[in-house]
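Here the structure is laid out as structure tokens; the discussion comes afterwards.
Bear in mind that the values in this text are calculations on the coordinates, not laboratory data. Quick caveat: nothing in here was measured; it's all calculated off a predicted structure. Cβ atoms come from the backbone with ideal geometry, glycine included; neighbour counts cover every protein chain shown.
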Amino acid sequence: MENKKVIIIGSGPAGLTAAIYAARANLSPIVFEGFQAGGQLTMTTDVENFPGFPEGVMGPDLMDMLRNQAKRFGAECILKNVDSVITDKYPYIVSVGEEKYSTDSIIIATGASAKLLNIDGESILMGRGLSTCATCDGFFYKDKNIHVIGGGDSAMEEAIFLTKFAKSVTIIHRRNKLRASKIMIDRAKKNKKIKFLLEKTPIEFLGDHSSGLNGIKLKDINNNQIEDIQTDGVFIAIGHNPNIDLFKDTIQIDENGYIKTQDKTSKTNLKGIFACGDVQDSIYRQAITAAGSGCMAAIDAERYLEDIA
Ligand code: NAP
């Protein structure tokens, strides 16, 4: 088994920026891109806040550009998922299907995944009228009356995007104050197709496996009254969970469940293992902050490798 200097797990803005920097430092990084190559940005449309794109850029296009930039300097991007990482031996062993890779350092850039409500009907109706990705599934809801759950920027963004297809989009939020930024709230409020249903929380998704979702059981948070409402589709947009499964028994996490990094670095509690992007950031969670932290992780890995050489 050939020993690698650095293996990067994850291919969102954090992982690919780490790959650009590590490749330019002659570390010949391997990037395991995972099942969702490009990360969460491949599921968004216009990215308007990534510096350098005054007219905005499509999420998937931005990720293709970052990947091509990393490859240009010699990063190897592999469209496979890492199955396990052995961290009680050094060099570390990374298993990908039948293949095993030995490595002196690892950059974790596994990102975060959509949170679910964990209520009745959710698992059985997922993909049958229930979705966590407007960009992926919005097209199926042409001229339909649909609902978006959540009160943050994701919910506003999903709702605005869905108005391209749907007849109406109702945002259901559990409080009377939206968490989203003012600019996103203003955009949603200005959109004639968007309505708000506040101080309600879903307690069950209604429908069955064969005919799909047809309604939501909602609880009013003020008086606990229950009502069933009809819907043609629901998009859950209530935030994300960090993807830490590969390291859950070994890596230190913070009070929010994200990987804990030391001081102002990307260092974790494990020597030679660095974390960047949304898997270690419960606060900013932006593409640009993820990219910045990917740069930090590559520089930290480079310095670590110099120290042990
Ligand atoms: P978020 O800011 O954490 O908002 C999650 C929303 O879902 C909150 O309104 C929350 O309600 C609600 N929620 C959470 N759990 C719930 C549950 N069990 N039942 C009902 N509602 C629930 O997550 P986000 O919207 O994904 O945004 C994450 C970060 O990405 C933010 O920093 C955001 O600014 C950024 N972002 C930016 C853009 C953009 O600028 N275009 C787009 C997307 C995301 P409460 O408010 O009551 O807690």
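Please report the antiparallel percentage of DSSP beta bridges with both residues in the chain, rounded to the nearest 5. Walk me through the numbers before you get to the answer.
Values: 28 of 61 bridges.
Here the antiparallel bridges make up roughly 45 percent for the chain.
Once the Cβ-Cβ distance of residue 76 and residue 210 is raised to the sixth power relative to R0 = 41 Å, the FRET efficiency obtained is 0.35. Each part reduced to its alpha carbon centroid, the stretch 267-309 and the stretch 28-73 end up 18 Å apart. The angle separating the long axis of helix 153-162 from the principal Cα axis of greatest extent in the chain is about 60 degrees.
At q = 0.16, 0.18, 0.20, 0.23 Å⁻¹ the log10 of I(q)/I(0) for the stretch 116-236 amounts to -0.69, -0.88, -1.09, -1.40, computed by Debye summation with a single uniform scatterer per C-alpha, solvent ignored.
Quick check on the stretch 219-304: take the gyration tensor over C-alpha atoms, sort the square-rooted eigenvalues as a ≥ b ≥ c, and tell me if it's rounded (a/c under 1.5), prolate or oblate. Please list the in-between numbers first.
On the way: a/c = 3.32, a/b = 2.53, b/c = 1.31.
Prolate, since a/c reaches 1.5 and a/b exceeds b/c.
What is the dipole size for the chain, taken about its Cα centre, with +1 at each Lys and Arg Cβ and -1 at each Asp and Glu Cβ, in debye to the nearest 20? Intermediate values should be presented prior to the final figure.
Values: 36 positive and 39 negative charges, 184 e Å.
Roughly 880 debye, rounded to the nearest 20.
At an R0 of 22 angstrom, the distance between the Cβ atoms of residue 89 and residue 245 translates into a FRET efficiency of 0.65. The residues packed around residue 199, meaning those with a beta-carbon under 13 Å from its beta-carbon, carry a net charge of +3 if Lys and Arg are +1 and Asp and Glu are -1.
Ranked by Cβ crowding within 10 angstrom, fewest neighbours first, how are 83, 300, 143 ordered? Could the numbers behind the result be given before it?
Values: 83 14, 300 23, 143 9.
If I rank by nearby Cβ atoms, fewest first, I get 143, 83, 300.
Taking the helices alone, the chain has a mean residue ellipticity at 222 nm of -7500 deg cm²/dmol, built from -39,500 (n - 2.57) per DSSP H run of at least 4 residues and averaged over all its residues.
Each 20 Å bin, from zero up to the one with the longest distance, holds this percent of the alpha carbon pairs of the chain: 32, 51, 17, 0. In terms of its C-alpha gyration tensor, the stretch 1-45 has an oblate overall shape, because the principal axis ratio a/c (a ≥ b ≥ c, square roots of the eigenvalues) is not below 1.5 and a/b does not outweigh b/c.
For the pair residue 308 and residue 123, label points projected 7 Å from Cα toward Cβ lie 3.9 nm apart. Taking a Cβ cut-off of under 9 Å around residue 220, the surrounding Lys, Arg, Asp and Glu residues balance to a net charge of 0, with basic ones at +1 and acidic ones at -1. Helix 13-24: angle to the longest alpha-carbon principal axis of the chain, degrees 0 to 90, nearest 10? Around 20 degrees separate the two axes.
Computed from Cα atoms, the angle from the helix 59-72 axis to the main principal axis of the chain rounds to 10 degrees.
Charged side chains reduced to their Cβ positions (Lys and Arg at +1, Asp and Glu at -1) give the stretch 116-236 a dipole of some 700 debye around its Cα centre. Taking the alpha carbon gyration tensor of the stretch 1-81, multiplying each eigenvalue by 5 and rooting it gives semi-axes of 24, 14, 8 Å, largest first.
A full extension of the chain between residue 221 and residue 65 corresponds to an added length of 51.6 nm, given 0.36 nm per residue minus the alpha carbon distance.
Left without a cysteine partner by the 4.7 Å Cβ rule in the chain: 77, 276, 295. Note on 173, 240, 209, 147: ascending count of other Cβ atoms within 10 Å places them as 209, 240, 173, 147, the fewest first.
Only residues of the stretch 13-55 count here: report those whose backbone N is under 11 Å from the spot 7 Å along Cα→Cβ of residue 140, or say none. No residue qualifies, since no backbone N sits under 11 Å from the label point. Across the stretch 236-244, coupling constants 3J(HN,Hα) worked out from phi with the 6.51/-1.76/1.60 Karplus curve, θ = phi - 60°, read 8, 9, 10, x, 9, 10, x, 8, 10 Hz, and Gly and Pro carry x.
With a ≥ b ≥ c the root eigenvalues of the C-alpha gyration tensor of the stretch 254-309, is it rounded (a/c under 1.5), prolate (a/b larger than b/c) or oblate? Oblate, since a/c reaches 1.5 and b/c is not below a/b. Just want the answer: with Cβ charges of +1 for Lys and Arg and -1 for Asp and Glu, which residue in 63, 265, 107 is farthest toward the dipole's positive end in the chain? Result: 63, furthest along the dipole toward the positive end. Residues 35, 53, 139, 161 in ascending order of nearby Cβ atoms (within 10 Å, fewest first): 35, 139, 53, 161.
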